[in-house]
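Take a look at the structure set out below.
The values are calculated or read from the model by the stated rules, or taken from the named source; none is laboratory data. In this text, all values refer to a predicted model and were calculated from it rather than measured experimentally. Cβ placement follows ideal geometry from the backbone for every residue including glycine, while neighbour counts extend to all protein chains displayed.
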Amino acid sequence: MKRNSFWLASFTASVFIAIVLLVTGSPVVTASDQPPAANAAVNIDNFVFGPQTITVPVGATVTWTNKDDIPHTSVSTDGVFKSKVLDTDEKFSYKFEKAGTYPYYCTIHPKMTGKVIVQ
Amino acid sequence: MTDKNKDLIDQKLQDLNNDGVDRRGFLKCMAWAGTGLVWTMSGGIPVSRAFAKGHGKDAVKGGDFSFVQISDSHIGFNKPANPDVTATLQTAINKINAMPHKPEFIIHTGDLSQLSKPSEFDTLDQVLKGASAKQVYYVPGEHDMLSDNGEQFLQRYGKGTKGSGWYSFDQKGVHFVGLVNVANLKAGGMGSLGHEQLEWLEDDLKGRSASTPIVLFAHIPLWTIYPDWGWGTDDSEQALSYVKRFGSVTVLNGHIHQIMQKVEGKVSFHTAMSTAFPQPAPGTAPSAGPMKVPADQLQKVLGITDVNYLVSGRSLAVVDSPLGESDASSAGSGGGAGGR
């Protein structure tokens with residue numbers, strides 16, 4: 001008798017959880033509606049954009065943070081985005097609404113180049 | 001007089017040859033020594049001699065004059081190795097004011113400010129007001145172009161200049177040209193002069209006698225020192241082709257915060273120390289950023305450059321001296337022992 005109750009309880013719980021999952025339509029652990037890796041980070045340090053090439057989904061926001069002891073900028077070569085001058089610890093964010101490849105560079109130290117691939 | 005100089009030059013060259021060190025190697029060694037050595041360009045051949053105490057007297061001869069190059073003051077920078085760049089700029093100005101021969105003017109080869117902020121330019125102006133030489137010539141560095149493409153720099157220091165701030169002037173028969181190679185920089189590139197400026201330069205030099213000593217000054221080096229770190233100017237070859245015919249050409253640059261010299265035919269290239277912070281030698285660090293040194297070493301890696309024009313030899317003598325060494329005028333004779 002007890003064993004039957006146990007199995008009945010488990011079965012009910014499973015069904016209940018299944019219903020919950022179906023209703024919410026997403027894995028239980030995610031807090032937001034957005035797909036994973038929607039926000040990406042690029043660190044600027046030692047005159048380098050790291051990672052130099054970053055791939056993000058459409059709608060993602062990329063945030064550049066200057067960790068160097070010298071100011072830098074992040075400016076698209078095609079006029080798509082342009083940061084102000086970033087001193088140490090300052091940030092710049094841009095949301096990429098369209099798919100494509102976006103090369104950029106630091107206008108102060110033009111040897112520093114990077115690329116954002118949006119797909 | 002000229003023949004006497006030539007003999008002296010030959011003598012020096014032979015001495016160098018006997019040492020087993022070639023001219024290029026000798027230049028490299030002496031540049032890194034950073035003490036008060038006089039470099040004389042005479043007919044395209046560099047001669048070095050200790051900075052004799054009597055040098056101040058030579059400069060007084062009619063037509064001779066001197067000026068000082070300072071560079072990379074980076075007013076607004078406040079991190080290691082120098083939390084107070086205004087103080088070290090002041091030290092540089094004090095050093096200029098204490099020189100035995102008064103310089104006619106000062107040339108600042110750029111990066112006046114760290115972030116192109118008005119307050120930074122104001123502070124720089126304040127310090128320079130105390131210089132014995134009242135005339136200061138400027139060219140911008142990339143750090144001076146950060147607000148609206150250098151508009152503020154032009155307003156403050158660009159009167160009478162063309163384009164992004166280039167110009168020329170004459171002083172006692174020497175022709176000076178200030179060039180701007182930090183505007184409109186292209187992704188992946190180094191310094192750039194641009195078509196318009198090159199055309200202006202060609203025109204500016206046209207018709208000048210080949211015996212006119214020429215001084216070109218710009219922020220980023222006009223020769224390729226280290227492309228990986230952007231230490232060079234993409235289109236400088238064309239500019240240098242315009243000065244090839246002149247008997248004496250001196251190129252003064254900044255940007256790399258250390259002394260580097262090169263001689264190519266009758267053109268001598270020289271980069272100055274910064275008055276703010278040193279940078280590493282090419283390839284010796286992950287990046288070209290500020291080099292950290294112990295506080296008691298800082299004054300030795302910052303400095304000014306004294307340039308003396310001697311009419312007799314139609315030559316320009318370039319003397320670098322660190323902020324922390326004893327007076328330039330006594331550096332040669334005594335070997336420049338550190339403390340006072």
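Structure notes:
- When the stretch B:259-279 is filtered for residues that are in a loop (DSSP other than H, G, I, E, B) and either surrounded by 24 or more Cβ atoms within 10 Å (Cβ to Cβ) or within 14 Å of another protein chain (Cβ to nearest Cβ) (or both), the ones remaining, listed by number, are B:A272, B:M273, B:S274, B:T275, B:A276, B:F277, B:P278, B:Q279.
- Within the stretch B:198-222, the set of residues being touching a Leu at 6+ places or on another chain (Cβ under 8 Å) and either within 18 Å of B:P282 (Cβ to Cβ) or of a type in the set (A, V, I, L, M) (or both) comprises B:L201, B:I214, B:V215, B:L216, B:A218, B:L222.
- Options B:G189, B:G141; residue that is more than 22 Å from the chain's Cα centre (by Cα), within 18 Å of B:G232 (Cα to Cα) and within 14 Å of chain A (Cβ to nearest Cβ): B:G189
- Among the residues of the stretch A:60-85, those identified as at the interface with chain B (Cβ under 10 Å from one of its Cβ atoms) and either touching a residue at least 40 places away in the same chain (Cβ under 8 Å) or in a strand (DSSP E or B) (or both) are A:V75, A:S76.
- Within the stretch B:280-306, being farther than 18 Å from B:S73 by Cβ, more than 14 Å from chain A (Cβ to nearest Cβ) and modelled with pLDDT under 95 holds for B:P294, B:A295, B:D296, B:Q297.
- Members of the stretch B:225-257 found to be under 18 Å from B:S71 (Cβ atoms), small (G, A, S) and part of a loop (DSSP other than H, G, I, E, B), listed by number: B:G230, B:G232, B:G254
- Looking only at the stretch B:101-121, and only at residues there that are in a loop (DSSP other than H, G, I, E, B) and free of Cβ contacts under 8 Å to residues at least 40 places away in the same chain, the one that is nearest to B:G76 (Cα to Cα): B:L115
- Residue within the stretch B:70-91 that is touching a strand residue (DSSP E or B) at 6+ places or on another chain (Cβ under 6 Å), at pLDDT 95 or above and part of a strand (DSSP E or B) present: yes
- Comparison of B:V136, B:V127 shows that the only residue that is surrounded by fewer than 24 Cβ atoms within 10 Å (Cβ to Cβ), under 17 Å from the mean Cα position of the chain (by Cα) and either touching a residue at least 24 places away in the same chain (Cβ under 8 Å) or more than 14 Å from chain A (Cβ to nearest Cβ) (or both) is B:V136.
- Residue in the stretch A:86-108 that is farthest from the other protein chains (Cβ to nearest Cβ), counting only those that are of a type outside the set (V, I, T) and closer than 14 Å to A:N43 by Cβ: A:S93
- Criterion: surrounded by 19 or more Cβ atoms within 10 Å (Cβ to Cβ), at pLDDT 95 or above and within 19 Å of the chain's Cα centre (by Cα) - qualifying residue of B:F169, B:F217: B:F217
- Filter result for B:W223 (among the aromatic types (F, W, Y) and under 17 Å from B:N253 (Cα atoms)): yes
- In the condition set (1) within 27 Å of B:F277 (Cβ to Cβ); (2) in contact (Cβ under 8 Å) with a residue 40 or more places away in the chain; (3) touching a Leu at 6+ places or on another chain (Cβ under 8 Å), B:I93 is compliant with all but (2).
- Test: residue in the stretch B:176-185 that is within 21 Å of B:H270 (Cβ to Cβ) and within 14 Å of chain A (Cβ to nearest Cβ): yes
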